Amino acid sequence: MQTPDSHPSFTCPEFLNMERAIIDEFLDCTTECHTEVEACVRALNQHGGPEYIHRMFRSMHSLKGNCQMVGLTPFKDLMHRVEEIFAHLRAHPEQYFPELGEFLLMATDQIVDLLYELLKQGHADENRRALLATVCDNLRQQNQGALQAASFRDAIAMLGGKTKEKSPGGRGNRVNLQLQDDISLMRYWADKIDALTVFRKNRNTTSVELALELNTALGKPVDAQQLEVAVLMHDVGMAFVPHAIFNKETNLSREELRILQEHVQIGSQMLLRFGGWDDAAAMVLDHHEYYDGSGYPNRKKGEQIHAGARMLAVIDAFCSVTTERSDRSYKKSLLSAISEINANIHTQFDPHIVGAFNEVVRNMVLRSA
């Protein structure tokens with residue numbers, strides 16, 4: 001099949017014609033697999049352990065079976081190629097090295113990206129699919145004996161990625177002292193916060209997109225750049241919260257809750273220190289204030305809360321509900337998230353902003369249909 005711009009593509013009509021409930025269930029299972037692979041690679045890079053290799057292999061095998069069940073033959077074939085490479089690792093777990101894990105993450109990332117491209121457009125990039133298949137075939141041929149880190153570094157480079165290599169002298173790449181522009185630095189910090197847990201993948205990127213679209217839908221009541229910075233910085237203070245509190249699955253004590261809530265003050269103070277971001281600082285400070293005055297840190301209510309913070313509160317809640325977290329094993333649908341937000345207007349959220357956000361999400365769904 002050729003797309004209008006003449007780029008080779010492939011499609012899977014059997015899958016695309018299935019009931020939406022089946023597609024959504026498949027996507028949930030795919031997300032679980034992707035999260036499991038990330039968690040296992042992280043554990044292997046930190047302290048090893050063959051049990052993580054077995055968990056990863058089972059997860060990949062399950063995804064391959066699911067692809068076959070729903071008619072995603074091109075994806076099943078890709079998963080089979082990746083699985084063949086790691087069958088050797090499963091038999092020889094002592095041969096694991098970080099480049100192998102990095103390749104697996106990149107391969108699964110590309111498979112998931114192609115899947116969402118297929119859902120959004122009705123077809124996906126055949127050149128990208130074929131390249132991944134070829135890279136996997138080359139790796140299998142080159143690693144019939146012991147696995148070789150160099151071949152996986154080459155594979156990562158072929159797929160457009162970069163690996164961290166040591167220089168001949170044993171020292172890493174030189175780090176130069178240079179001053180980044182404010183937004184680039186803030187985006188870097190936000191990415192680091194998202195990397196603290198597998199449950200925040202691409203969270204800041206999604207939040208920025210939603211915030212800017214919501215601001216436009218409301219007639220741009222706040223400066224777009226100040227809003228973007230507020231989104232990037234609103235959770236940076238979480239980096240100063242102890243992991244034992246950040247990842248706690250049971251109720252927090254009063255003291256633990258106080259420590260957690262301090263993240264809004266930390267983020268806002270950092271922005272004030274930058275200079276020129278006073279509006280963004282106010283948004284960060286206010287984004288956990290509730291419309292009825294029961295939030296924190298200053299128990300502001302209604303119009304007392306910065307308009308950007310009222311927007312950010314809705315977006316933050318939406319992303320939290322639709323993202324898998326350590327305290328729940330599933331990801332809620334967009335409709336469930338919107339229903340939960342609408343149930344809390346006048347108490348937690350500004351009803352006018354929620355009404356506009358409903359339309360933003362509706363348009364987002366229509367675009368992806």
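The values are calculated or read from the model by the stated rules, or taken from the named source; none is laboratory data. Treat the numbers as computed from the prediction; the structure is a model and nothing was measured. FYI the Cβ positions are ideal-geometry reconstructions off the backbone, even for glycines, and counts take in every protein chain you see. Note: areas computed on protein heavy atoms with side chains; ligands, DNA, RNA excluded. Shrake-Rupley method; radii C 1.70, N 1.55, O 1.52, S 1.80 Å.
Skip the ligands, DNA and RNA, and give the accessible area per residue of the chain with a 1.4 Å probe, whole Å².
53
Which is farthest toward the positive dipole end of the chain among 338, 244, 69, measuring Cα position about the Cα centre, with Cβ charges +1 (Lys, Arg) and -1 (Asp, Glu)?
So the residue furthest toward the plus end is 244.
Non-local amide H neighbours of residue 349 (under 5 Å, H modeled in plane, Pro and chain starts lacking H): which ones?
291
For every helix of n ≥ 4 consecutive DSSP H residues, a contribution of -39,500 (n - 2.57) applies; sum these over the chain, divide by its total residues, and give [θ] at 222 nm rounded to the nearest 500 deg cm²/dmol.
-20500 deg cm²/dmol
Would you mind checking which residues have amide H under 5 Å from residue 9's amide H? H placed 1.01 Å from N; only 5 or more apart, or other chain.
Sorted by chain and number, the residues that satisfy this are 3, 126.
For the chain, what does the relative contact order come out to in percent, with C-alpha contacts under 8 Å and a separation of six or more?
Relative contact order comes out at 12 percent.
Where a ≥ b ≥ c are the square roots of the eigenvalues of the C-alpha gyration tensor, would you call the chain rounded, which needs a/c under 1.5, or, failing that, prolate if a/b is larger than b/c, or oblate?
prolate
Charges on Cβ only, +1 for Lys and Arg, -1 for Asp and Glu, centred on the Cα centroid of the chain; of 219, 87, 267, which one is farthest towards the dipole's positive end?
87
With a point put 7 Å past each Cα toward its Cβ, work out how far residue 51 is from residue 130 in nm, to one decimal.
4.4
On C-alpha positions alone, give me the angle between the axis of helix 149-158 and the longest principal axis of the chain, in degrees, nearest 10.
The helix 149-158 is inclined about 60 degrees to the chain.
Which ³J(HN,Hα) values, rounded to whole Hz and listed in residue order, are derived for the stretch 251-257 from phi using the Karplus coefficients 6.51, -1.76 and 1.60 in 6.51 cos²θ - 1.76 cosθ + 1.60 with θ = phi - 60°, glycine and proline given as x?
Result, ordered by residue: 4, 7, 6, 4, 5, 5, 5 Hz.
Report, in degrees rounded to the nearest 10, the 0 to 90 angle that the Cα long axis of helix 307-321 makes with the longest principal axis of the chain.
In the chain, helix 307-321 runs at an angle near 40 degrees to the longest axis.
Taking all protein chains in place and a 1.4 Å probe, what share, in percent, of the accessible surface of the chain do carbon and sulfur account for?
About 51 percent, which is the carbon plus sulfur part of the accessible surface.
Once the Cα atoms of helix 263-274 and of the chain are each reduced to a long axis, what angle between those two axes, in degrees from 0 to 90 to the nearest 10, is obtained?
Computed tilt is about 90 degrees.
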